[in-house]
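Encoded as structure tokens, the structure appears first; notes follow it.
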């Protein structure tokens, strides 16, 4: 099934303070919206961001990326309808609707909702209410409320696409959430287990709690890569995707990009998914002379599928010649492009081995690389 996520991010969030809408405020080294977006990468086929027309910087930033953009409506229901309409020309069968202010949603919660949609037209996470409930006038308790059968609603709330589109079209608006819209249309909504950590940032103090949750759940992985290629005939070498003039070339089954190979293996290593040779056997003739970009892209895509984002990579080329320094900026740019990272997340540097060993004798080039991956 083709699945999309709609992240509703058009609100102003003034109660959270900070002077800007809460989705654009920093949280654990990133913005609230960045955490919410990455929760769905690798879990769905399309992501729609519903943005306020006033958030011009966000429109400019996300334009041309893998995100589909839609304008906010007059209220939350209107924003959701705009997000649904942005998917109308795509073969979407299921849709998850999520509040951007819930950046701590777990992959398990998302998967629970998706699993429930196999047998139901609608599903949403709910957290059973365990506290005693009162009624009051703000100053004193005026009564009690039975908590049996009560759940605190969370997102993402999932639906069969056609069913929720029809439900919103028939609803007058003003609903608290999309479950209310679905039930008004007669849809049965399955309850899946909620998560106490799936908090909605509303007040200033919620940022500190969210930071603790994100730090507690963070899965950080490091991988190392090492590769060597000997010199042979040629008039250039390919290093980190850049053609560098030299009086010899590098020998290898593919294009012998020793830098890109080491970074690729570092990513595979962080994922505990073997090395290039396991994914692209040198015994297979179809990889002879292949561009190493193919291997690196595969490693990046595999990381996304496993729910990880690449935080940064560091690549050290070891050789006497050619000189790497003049080409390092272009190498960083090319590696960043392939991995969909910013250049400040990619380091390419060089050193010599003080004329010791095979690199010191200019018999070849060696590369060491490290990759840091973070669970999204």
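No lab work stands behind these numbers, since they all come straight from the coordinates. Model, not experiment: these values are computed from the prediction. In this analysis, Cβ positions are derived from the backbone assuming ideal geometry, glycine residues included, and neighbour counts consider all displayed protein chains.
Would you kindly work out the equivalent ellipsoid of segment 220-375 from its C-alpha gyration tensor and give its semi-axes, the square roots of five times the eigenvalues, largest first in whole Å? List each step's numbers first, then the result.
Values: eigenvalues 117, 60, 37 Å².
Result for segment 220-375: semi-axes of 24, 17, 14 Å.
How big is D for segment 298-344, in µm² s⁻¹ as a whole number, if Stokes-Einstein is applied with the Kirkwood radius of its Cα pairs at 37 °C and 0.692 mPa s?
Answer from the Stokes-Einstein relation: 269 µm²/s.
Name the most mobile residue of 156, 71, 329, meaning the one with the largest mean-square fluctuation, in a Gaussian network model of the chain with Cα contacts below 10 Å.
Result: 329 has the largest fluctuation of those listed.
How large is Rg/Rh for segment 3-217, to two decimals, with Cα atoms and a Kirkwood Rh? Could you put the intermediate results ahead of the total?
Details: Rg = 17.2 Å, Rh = 17.9 Å.
My calculation of the ratio gives 0.96.
What number do you get for segment 233-289 when its Cα radius of gyration is normalised by 2.2 N^0.38 Å, N = residues? Walk me through the intermediate numbers first.
On the way: Rg = 12.5 Å, N = 57, 2.2 N^0.38 = 10.2 Å.
Relative to the rule-of-thumb radius for its length, segment 233-289 sits at 1.22.
Among 216, 331, which comes first, then next, by fewest other beta-carbon atoms within 10 Å? Let's see the in-between values first.
Details: 216 9, 331 24.
Lowest to highest Cβ neighbour count: 216, 331.
For segment 134-230, report the % of Cα-Cα distances exceeding 22 Å.
When all Cα pairs of segment 134-230 are counted, 61 percent exceed 22 Å.
Indicate, rounded to the nearest 5 percent, the antiparallel portion of the DSSP beta bridges found entirely in segment 3-217. If you can, show how the numbers build up before the last one.
Values: 15 of 38 bridges.
Within segment 3-217, antiparallel bridges account for around 40 percent of the total.
For all pairs of alpha-carbon atoms in segment 65-143, what percent lies in each bin of width 5 Å, listed from the first bin to the last filled one?
3, 10, 15, 16, 19, 13, 9, 8, 5, 3, 1
At a 10 angstrom cut-off on C-beta neighbours, averaged per residue, how do the peptides 281-289, 250-258, 52-60, 184-192 rank from highest to lowest?
Numbers: 281-289: 10.4, 250-258: 21.6, 52-60: 13.8, 184-192: 16.0.
Order by mean packing, descending: 250-258, 184-192, 52-60, 281-289.
Using helices alone, what [θ] at 222 nm do you get for the chain, with -39,500 (n - 2.57) per DSSP H run of 4 or more residues, divided over all residues and rounded to the nearest 500? Please list the in-between numbers first.
Working: 12 runs with 113 residues, N = 376.
Taking each H run of at least 4 residues, the total per residue is -8500 deg cm²/dmol.
Over segment 3-217, what is the mean sequence separation of C-alpha contacts under 8 Å (at least six apart), divided by residue count, expressed as relative contact order in percent? Walk me through the numbers on the way to the answer.
Values: 409 pairs, mean separation 52.3, N = 215.
Value for segment 3-217: 24 percent.
Restricting to the chain, compute how many DSSP beta bridges are antiparallel as a %, nearest 5. Could the numbers behind the result be given before it?
Numbers: 42 of 71 bridges.
Taking every DSSP beta bridge within the chain, about 60 percent pair in antiparallel fashion.
For Cα pairs less than 8 Å apart in space and 6+ apart in sequence, what is the mean separation divided by the residue count of segment 220-375, i.e. the relative contact order in percent? Write out the running numbers ahead of the final one.
Working: 360 pairs, mean separation 52.3, N = 156.
For segment 220-375, the relative contact order is 34 percent.
Take every Cα pair under 8 Å in segment 213-305 that's 6+ residues apart, average their separations, divide by the length, and report that relative contact order as a whole percent. Please report the intermediate quantities before stating the final value.
Details: 148 pairs, mean separation 25.8, N = 93.
Relative CO of segment 213-305 lands at 28 percent.
Using Cα centres only, tell me the gap between segment 2-77 and segment 158-211 in whole Å.
The two parts, judged by their Cα centres, are 16 Å apart.
Count the DSSP beta bridges whose two residues both fall in segment 11-112, then state the antiparallel fraction as a percent rounded to the nearest 5.
Working: 2 of 8 bridges.
Given both bridge residues lie in segment 11-112, the antiparallel proportion sits at roughly 25 percent.
With the alpha-carbon atoms as the only input, what is the per residue convex hull volume for segment 10-85 in Å³? Let's see the in-between values first.
Values: hull volume 8.1 nm³, N = 76.
Value for segment 10-85: 107 Å³ per residue.
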